[in-house]
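A quick write-up on the structure given underneath.
The values are calculated or read from the model by the stated rules, or taken from the named source; none is laboratory data. Computed from a prediction, not measured in an experiment: that's the story for all the values here. Glycine also receives a Cβ, built like all others from the backbone with ideal geometry; neighbour counts cover every protein chain displayed. The protein model used for the area step is the full one, side chains on, heavy atoms only, and it has no ligands, DNA or RNA in it. Shrake-Rupley method; radii C 1.70, N 1.55, O 1.52, S 1.80 Å.
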Number of protein chains: 2
Amino acid sequence: MKARYFDDLKVGDRFKSEPLRVTEKKLIGFARKFDPQMFHLSHKEAQRTIFKGLTASGWHTAALTMRLFVQTLNCANGAIGLGVDKLRWPNAVRPGDVLTVETKILAMRVSRSRPRYGIIRLRNVTTNQRGEVVQRMLASAMVQRRKTKRAKK
Amino acid sequence: MKARYFDDLKVGDRFKSEPLRVTEKKLIGFARKFDPQMFHLSHKEAQRTIFKGLTASGWHTAALTMRLFVQTLNCANGAIGLGVDKLRWPNAVRPGDVLTVETKILAMRVSRSRPRYGIIRLRNVTTNQRGEVVQRMLASAMVQRRKTKRAKK
């Protein structure tokens, strides 16, 4: 797939990622490193919590969403995250769930401080195999503009 | 350290985590799994980007912040993340940086739907060894209340 520049995007564009399965091993592995709480670490202990079973860390869901987003948009020389708002986890991610990310471009403008770049505002919604939303967020990212052959006068 | 319940916290409380070093190996390892972009993966390629060198994924900083937060507050039976707002990465995290998280409790209330829990609103600020802010965010989390011996009439 060809890499995308800022110029290749427009407001209203939608993208859908490939699916990605969250294995129990990876779910527990992430939690051990970054979110060592009982409902992310052990089947048995997680049964006693309000989740009634093992769930992924929200930060694991966020990291997997980033991977799917990066692969799907494939921005030339990368997309530089500036910030995230209204990050929510309305449903838990369970072992074996298959996640997909849908991206919508909400707004676009050229960067004032770095005119070689554009800034995109986007919404990422992550769903599981039953179509339930497991994460939603708004984000801003800096994406490179295509080099023009002639400099503007 | 004793586990903290909702009742052990009050608005205005501040907590400071232990320091945590971000090694180059872990920085690249996280990026390979979750944020495979050139400025997070390779010294050589990262030199050509606006970062002029290798930087950590913002999601790696967020995940490390969660780890430090969980260890520092040590909430009884865990802190359940409900959502995050105004997540920003004002300075890049570089290999070898040492991160510390400062948490401030901004607001507290008892959960309406789950009266055994309280909901805390907090600010987490992550700084490097030079005191530069590498991440800031607002978050809401659900924390268990201490069991009272007598049920209320």
Item to check | Most fluctuating residue given options A:118, A:131, A:96, as computed from a GNM of chain A linking Cα atoms under 10 Å | outcome: A:131
Item to check | Distances in nm from residue B:7 to the matching label points in the other copies, shortest first (labels 7 Å along Cα to Cβ) | outcome: 6.5
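Just to be sure I understand: if you take the accessible area of chain A alone plus chain B alone and subtract the pair, with a 1.4 Å probe, what total do you get in Å², rounded to 100? Write out the running numbers ahead of the final one.
Numbers: alone 9680 and 9690 Å², together 16250 Å².
When A and B are taken together, about 3100 Å² of accessible area is lost.
Per-residue ellipticity at 222 nm for the protein assembly as shown, helices alone: DSSP H runs ≥ 4 residues times -39500 (n - 2.57), over residue total, nearest 500 deg cm²/dmol? Kindly include the intermediate steps, with their values, before the conclusion.
On the way: 8 runs with 72 residues, N = 306.
When only DSSP H runs of four or more count, the value is -6500 deg cm²/dmol.
In terms of the ratio Rg/(2.2 N^0.38 Å) built on C-alpha atoms, what value belongs to the range B:52-116?
Working: Rg = 15.0 Å, N = 65, 2.2 N^0.38 = 10.7 Å.
Cα-based Rg divided by the globular estimate yields 1.40.
Multiply the residue gap between residue A:3 and residue A:20 by 0.36 nm, knock off their C-alpha separation, and tell me the result in nm, one decimal place. Walk me through the intermediate numbers first.
On the way: separation 17, 0.36 × 17 = 6.12 nm, distance 2.13 nm.
In short, 4.0 nm is gained.
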Item to check | Positive-end residue of B:11, B:135, B:54, charge dipole of chain B with Cβ unit charges | outcome: B:11
Checklist outcome for this item: Computed about the Cα centre, the charge dipole of the range A:1-150 from +1 Lys/Arg and -1 Asp/Glu charges at the Cβ has a magnitude in debye, to the nearest 20, of 720
Checklist entry - How high is the relative contact order of the range B:39-153, given as a whole-number percent (alpha carbon pairs under 8 Å, six or more residues apart)? => result 26
Item to check | Residue (of B:106, A:84, B:69) at the positive-pole extreme of the protein assembly as shown, dipole from beta-carbon charges | outcome: B:106
Checklist outcome for this item: In the range A:14-66, the trypsin sites (Lys or Arg not before Pro) that sit in a DSSP loop and have at most 15 other Cβ atoms within 10 Å of their own Cβ are A:48, A:52
Checklist outcome for this item: Sorted largest first, the C-alpha extents of chain B along its principal axes in whole angstrom are 68, 27, 24
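Given a 1.4 angstrom probe, what's the average accessible area per residue across the protein assembly as shown, in square angstrom? Please report the intermediate quantities before stating the final value.
Working: 16250 Å² over 306 residues.
The answer is 53 Å² per residue.
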Checklist entry - From Cα coordinates alone, what are the radius of gyration and Dmax values for the protein assembly as shown in angstrom? => result 20.1, 79
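Considering only protein heavy atoms and a probe of 1.4 Å, how much of the accessible area of the protein assembly as shown is carbon and sulfur, as a whole percent? Working shown, then result.
Numbers: 8110 of 16250 Å².
Roughly 50 percent, rounded to a whole number.
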Item to check | When each of A:44/B:26; B:16/B:104; A:52/B:10; A:86/B:26; A:52/B:104 is checked by Cα-Cα distance, pairs over 19 Å | outcome: A:44/B:26; A:52/B:10; A:86/B:26; A:52/B:104
